[in-house]
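Mind having a look at this structure? Questions to follow.
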Amino acid sequence: MPMEINHKCLEKVGTVLSIAGSDPSGGAGIQADLKTFVSIGVYGAAAITCLTAQNTLGVSTYLPVDPSFVRKQVELVLQDLNVTHIKIGMTGTEEIIKVIGDLLTGFDGEVVCDPVITASDGHALLEQESVICLCDHIINRTTVLTPNLAELRMITGGSCADSDEAVQAGISLFDEFKSLRAVVIKGGHLEEKRETVTDYLLVMDDKSEKIISKTAVHKRVRTKNTHGTGCTFASAFAAFHMLKGGYEQAFFNAVNFVDSLLNKSASLKFGEGCGPLAHGHITSS
Ligand code: PLP
């Protein structure tokens, strides 16, 4: 006879909640986020902000979810599950941004924000004039920000022409957004001719109030299968932070996680365009 378990005595399992858009081709958005959580071994929940219509050839269009329904999804998950980390991806509209910002006000866990503005094919996933709203309502309630180079330029207004300028722009974010504890600058689009990629972690050291910088250098993988890399990185950062604690641990683990997925996916074809990362895919030999 199986032992009876007293449900009341059990502790709730820690959960990462992704608040993001849906990508029916499975490469980015909540689909990528949930695959990442499963691969790393944490429990993931997902509240959908927008439905996109896309495949590997690009984004065709998107339909924002009613902001009150975004609120309902997130509220019910937060009321019941033990959400310790929230990962934010595509928001889509200013109304949705404001609802998410409002929900974050009472949340005291980690908020990892991948500030999704443009899809890799250039399709706008948030209008450029709404970036200020994203900053005012979400980024100023974020603990970890993971912009790529284009997003860093749009948020800071800097040119970020080389890695020194990009790091300076990253450092300036700590003055502007007081909730930030860490910023990751993903170096994939920096100095693209180099055979190596350098990613930067900037962490606010609470004792000295100084910013500590760490770098991860890895071999550049020349592939067009990069769809969903930003989503995967931010989700992996949240998941590893939950499992291991500490921004440094989360950073190096997330860099390695994405790097090994890029290597594994480079030889696979999923569609006619820019393919996804092959989370969980087992290559038959
Ligand atoms: N979220 C959704 C729903 C998307 O469709 C996309 C890109 O198409 C992204 C996020 C951003 O993807 P990436 O991780 O490649 O920056």
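The values are calculated or read from the model by the stated rules, or taken from the named source; none is laboratory data. Computed from a predicted structure; not experimentally measured. Neighbour counts run over all protein chains shown; Cβ positions are idealised from the backbone, glycine included.
Kindly indicate which of 58, 29, 41 is exposed (fewer than 11 other Cβ atoms within 10 Å of the Cβ) and small (Gly, Ala, Ser).
41
Another one. Can you pull out every residue in region 218-259 that is at pLDDT 95 or above, away from the ligand (no atom under 16 Å from the Cβ) and over 22 Å from residue 205 (Cβ atoms)?
Across region 218-259, the qualifying residues are 243, 256.
Identify all residues within region 27-61 that are of a type in the set (Phe, Trp, Tyr) and touching a residue at least 40 places away in the same chain (Cβ under 8 Å); write none if there are none.
Narrowing region 27-61 to residues of a type in the set (Phe, Trp, Tyr): 37, 43.
The one that is of a type in the set (Phe, Trp, Tyr) and touching a residue at least 40 places away in the same chain (Cβ under 8 Å): 37.
Also, I was wondering about something else. Being among the aliphatic types (A, V, I, L, M) and within 12 Å of the ligand (Cβ to nearest atom) is the filter; apply it to region 92-132 and report the residue that is surrounded by the most Cβ atoms within 10 Å (Cβ to Cβ). Break it down stepwise before answering.
At the first step, the residues of region 92-132 found to be among the aliphatic types (A, V, I, L, M) are 96-97, 99-100, 103-104, 111-112, 116-117, 119, 124-126, 131-132.
In the following step, the residues that additionally are within 12 Å of the ligand (Cβ to nearest atom) were identified as 116-117, 119, 124-126.
Details: 116: 26, 117: 21, 119: 20, 124: 13, 125: 19, 126: 22.
The selected residue is 116.
Filter region 71-83 down to residues that are in contact (Cβ under 8 Å) with a residue 60 or more places away in the chain and outside any strand (DSSP E or B) and give me whichever is surrounded by the fewest Cβ atoms within 10 Å (Cβ to Cβ).
81
Residue 196 - would you say it is more than 15 Å from the chain's Cα centre (by Cα), hydroxyl-bearing (Ser, Thr, Tyr), away from the ligand (no atom under 16 Å from the Cβ) and within 17 Å of residue 257 (Cα to Cα)?
yes
What residue, of 25, 68, 60, is assigned to a loop (DSSP other than H, G, I, E, B), at pLDDT 95 or above and over 30 Å from residue 249 (Cα atoms)?
Residue meeting the stated conditions: 25.
For region 210-230, indicate whether the set of residues that are assigned to a helix (DSSP H, G or I), in contact (Cβ under 8 Å) with a residue 12 or more places away in the chain and not acidic (Asp, Glu) is non-empty.
Yes, the conditions are met somewhere in region 210-230.
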